[in-house]
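Structure first, commentary second.
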Amino acid sequence: MTLPATRKARSAHLFKAITSQRFLTKQGLGNEVPFFIYPYDAREGLSMNEDRRDLAARIGHAGVTVLDISLYDLSIGILEDRGILEQVLEIEPETDKAELRELLQSVLDPQANLIPKIGEAISSTPHDVIFLSGVGEVYPYIRSHNVLNNLQSKAKDKPTVLFFPGSYTHALATGASLDLFGCLHDDKYYRAFNILNYEV
């Protein structure tokens, strides 16, 4: 199968894939969780946000409801709920980066805090598919493989598409790898499908 080369071709492929009954009913996945990675060039980050919103709207017009979740917006919301967002912004310039990362990783821990928030959105908002974005904006405080590993119990009923600024590669020698921005290895993750390889 030839991968769609241009943004327009990729968008058309995504639309066709996500609106297909095969995708929505999770056919052909065996017992795997319905997680899909949409890798894209990190340099397209700003345009990708616009493309994702446009895609969600077009999919909605086709009768498929999207729950669009930004990890960045969710993280800001958690910091606001805890009443520490202003404090974090105030101390950030003078705080050691490792200390700041430790603080934010604790507050934004996927298992304890982030996934329960996503679970609330999943249970309270009718949807056919979940979009997850904001991966690059929350690095290194939140790692995408940790989100996916912890999300398996909450998002197994509907397909989830993670918009990933980098590459998702499979190699016999090294296995599957999420490479953030095309260069940072975000550790191994095997249980997702590259949606650009999805047969439509």
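Every listed requirement among (1) in contact with a strand residue (DSSP E or B) (Cβ under 8 Å, 6 or more places away or on another chain); (2) modelled with pLDDT of 95 or more is met by ALA62 save one, (1). Among the residues of region 99-118, none qualifies, meaning not one is under 27 Å from ILE59 (Cβ atoms), of a type outside the set (A, V, I, L, M) and outside any helix (DSSP H, G or I). Under the condition of being in contact with a Leu (Cβ under 7 Å, 6 or more places away or on another chain), over 15 Å from PHE164 (Cα atoms) and not aromatic (Phe, Trp, Tyr), which residue from region 2-53 is modelled with the highest pLDDT? Here the answer is HIS13. When region 135-144 is filtered for residues that are surrounded by fewer than 20 Cβ atoms within 10 Å (Cβ to Cβ) and part of a helix (DSSP H, G or I), the ones remaining, listed by number, are GLY136, GLU137.
Looking only at region 169-200, filter to residues that are touching a Leu at 6+ places or on another chain (Cβ under 6 Å) and not hydrophobic (A, V, I, L, M, F, W, C); which one of those is modelled with the highest pLDDT? Per the stated criteria, the residue is TYR189. With respect to (1) open to solvent by 30 Å² or more (accessible area, probe 1.4 Å); (2) over 21 Å from ASN49 (Cα atoms), the lone exception for ASP73 is condition (2).
State yes or no: is LEU132 open to solvent by less than 10 Å² (accessible area, probe 1.4 Å), at pLDDT below 80 and among the hydrophobic types (A, V, I, L, M, F, W, C)? Spelling it out, it is not the case that LEU132 is open to solvent by less than 10 Å² (accessible area, probe 1.4 Å), at pLDDT below 80 and among the hydrophobic types (A, V, I, L, M, F, W, C).
If I go through region 120-133 residue by residue, how many of them are within 26 Å of TYR40 (Cα to Cα) and either in a helix (DSSP H, G or I) or not hydroxyl-bearing (Ser, Thr, Tyr) (or both)? Steps first, answer last, please.
Applying the first criterion (within 26 Å of TYR40 (Cα to Cα)) to region 120-133 yields 121-122, 127-133.
Narrowing the set further to residues that are either in a helix (DSSP H, G or I) or not hydroxyl-bearing (Ser, Thr, Tyr) (or both) leaves 121-122, 127-132.
Number satisfying all stated conditions: 8.
Restricting region 56-70 to residues that are in contact (Cβ under 8 Å) with a residue 60 or more places away in the chain and not polar (S, T, N, Q), which is most open to solvent (accessible area, probe 1.4 Å)? Outline the logic, then answer.
The initial filter retains those residues of region 56-70 that are in contact (Cβ under 8 Å) with a residue 60 or more places away in the chain, namely 56, 59, 64-70.
The next check asks that each one be not polar (S, T, N, Q); those that pass are 56, 59, 64, 66-69.
Working: ALA56: 20, ILE59: 0, VAL64: 9, VAL66: 33, LEU67: 15, ASP68: 61, ILE69: 12 Å².
Among those that are in contact (Cβ under 8 Å) with a residue 60 or more places away in the chain and not polar (S, T, N, Q), it is ASP68.
For GLY119, the conditions (1) over 18 Å from ARG191 (Cβ atoms); (2) buried (at least 18 other Cβ atoms within 10 Å of the Cβ) are fulfilled apart from (2).
The values are calculated or read from the model by the stated rules, or taken from the named source; none is laboratory data. All values derive from a computational prediction rather than experimental measurement. Quick reminder, even Gly has a Cβ in these numbers, built from the backbone with ideal geometry, and neighbours come from all protein chains shown. Ligands, DNA and RNA are excluded from the accessible area calculation, which covers all protein heavy atoms including side chains. Shrake-Rupley method; radii C 1.70, N 1.55, O 1.52, S 1.80 Å.
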